[in-house]
């Protein structure tokens, strides 16, 4: 079932199951308990389980790590047991015992994962400690006998879940933008107090003067040289902008990146000065955006790729401005069916 992306190592605690203490133990040491849903059907290797799943980390403080309830269900094939001697410690070991309507709780202990060599203590995330356990709960929604039927249902669920995923991604991007803006504002205030902001602006002004270039500074702080304003639609937040660019460092005029990309302006974290500069153009516009270091990659210099507060500039050409993503793949639909995006 290679074409489907399955979650087989995640799960959680279900509220109604926490009082159950009588667990079975699998050959590989997994603690589990199955709650019979009443189905008389049997399952076997090659069948695919469609399930809701929740994973809770039980440590000093319980926390939900994953949850498919109300989201895209997981699809898990019933697989053959691993070869003898191969470390295995996963709820998938007992998936073959499940039938439609069944529920299951499985518990994985971090100490057992370490002792079996599945996890290294030194490599554990900071929120996972020795002595913790992961509790998985599953609810079997459907059982498919063939890969093709499972794949068809997987695609239907994927389309059904698309609006939620898109909203989740949009909310995440908005959160990241707000965090970036707050960080940028605090950093800019500090630079202004120290006089460093003025120095960085003067550095760009000196570069332009030395090169005998004429550019206008925006309210945000970028310097824009417009060679061709463009006569098409105005670049604005919420629009899909396709831009051909050549990014260079003012330190030595060397190119660090040149490409063509399409972005939805104002909805994803971006170089503040570059985004500010794009807003000064229309479709068909050409010019150069000169960016003081505090509006470029800032103090971190993109993880050391640039010097702290290194000023940059971008030669740009706006080749398209539209309300819809020009790179989106049209989804096929049958006559009489509604579009599913």
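Pull up segment 290-313, narrow it to residues that are modelled with pLDDT of 95 or more and out of contact with any helix residue (DSSP H, G or I) (no Cβ under 6 Å at 6 or more places or on another chain), then point me to the one that is surrounded by the most Cβ atoms within 10 Å (Cβ to Cβ). Ranking the qualifying residues of segment 290-313, first place goes to 313.
Exactly one residue among 315, 253, 237 is farther than 21 Å from residue 177 by Cβ and out of contact with any strand residue (DSSP E or B) (no Cβ under 7 Å at 6 or more places or on another chain), and that residue is 253.
Every condition in (1) over 21 Å from the mean Cα position of the chain (by Cα); (2) over 25 Å from residue 63 (Cα atoms) is met by residue 163 except one, and the failing one is (1). Does residue 55 satisfy the condition of being buried (at least 16 other Cβ atoms within 10 Å of the Cβ), closer than 29 Å to residue 167 by Cβ and modelled with pLDDT under 95? No; evaluated as a whole, the condition is false for this residue. Out of contact with any helix residue (DSSP H, G or I) (no Cβ under 7 Å at 6 or more places or on another chain), assigned by TED's automatic domain parsing to the domain that holds residue 283 and part of a helix (DSSP H, G or I) - does that describe any residue in segment 211-229? Checking segment 211-229: not a single residue is out of contact with any helix residue (DSSP H, G or I) (no Cβ under 7 Å at 6 or more places or on another chain), assigned by TED's automatic domain parsing to the domain that holds residue 283 and part of a helix (DSSP H, G or I). Can you say whether residue 284 is modelled with pLDDT of 95 or more, outside any strand (DSSP E or B) and on the phi > 0 side of the Ramachandran plot, as far as the supplied structure shows? Criteria met by residue 284. For segment 217-244, the tally of residues that are surrounded by fewer than 17 Cβ atoms within 10 Å (Cβ to Cβ), in contact (Cβ under 8 Å) with a residue 40 or more places away in the chain and within 16 Å of residue 292 (Cβ to Cβ) stands at 2. Of everything in segment 99-133 that is modelled with pLDDT under 95 and at positive phi, the residue that is surrounded by the fewest Cβ atoms within 10 Å (Cβ to Cβ) is 117. Considering only residues in segment 134-151 that are more than 25 Å from the chain's Cα centre (by Cα) and farther than 17 Å from residue 98 by Cβ, the one that is surrounded by the most Cβ atoms within 10 Å (Cβ to Cβ) turns out to be 147.
Per this entry, residue 150 is counted among residues that are in contact (Cβ under 8 Å) with a residue 12 or more places away in the chain, on the phi < 0 side of the Ramachandran plot and in the same structural domain as residue 53 (by TED's automatic domain parsing).
Select from segment 202-216 the residues that are touching a strand residue (DSSP E or B) at 6+ places or on another chain (Cβ under 8 Å) and either more than 19 Å from residue 248 (Cβ to Cβ) or buried (at least 16 other Cβ atoms within 10 Å of the Cβ) (or both) and list them in ascending order. Answer for segment 202-216, where residues must be touching a strand residue (DSSP E or B) at 6+ places or on another chain (Cβ under 8 Å) and either more than 19 Å from residue 248 (Cβ to Cβ) or buried (at least 16 other Cβ atoms within 10 Å of the Cβ) (or both): 204, 207, 208, 215, 216. So is residue 258 under 15 Å from residue 315 (Cβ atoms), assigned by TED's automatic domain parsing to the domain that holds residue 310 and within 29 Å of the chain's Cα centre (by Cα) or not? Judged against the criteria, residue 258 is a match.
Within segment 254-268, if we keep just the residues that are touching a residue at least 40 places away in the same chain (Cβ under 8 Å) and surrounded by fewer than 14 Cβ atoms within 10 Å (Cβ to Cβ), the residue that is farthest from residue 327 (Cα to Cα) turns out to be 256.
The values are calculated or read from the model by the stated rules, or taken from the named source; none is laboratory data. Small disclaimer: the values here were computed from a predicted structure and weren't measured. In this analysis, Cβ positions are derived from the backbone assuming ideal geometry, glycine residues included, and neighbour counts consider all displayed protein chains.
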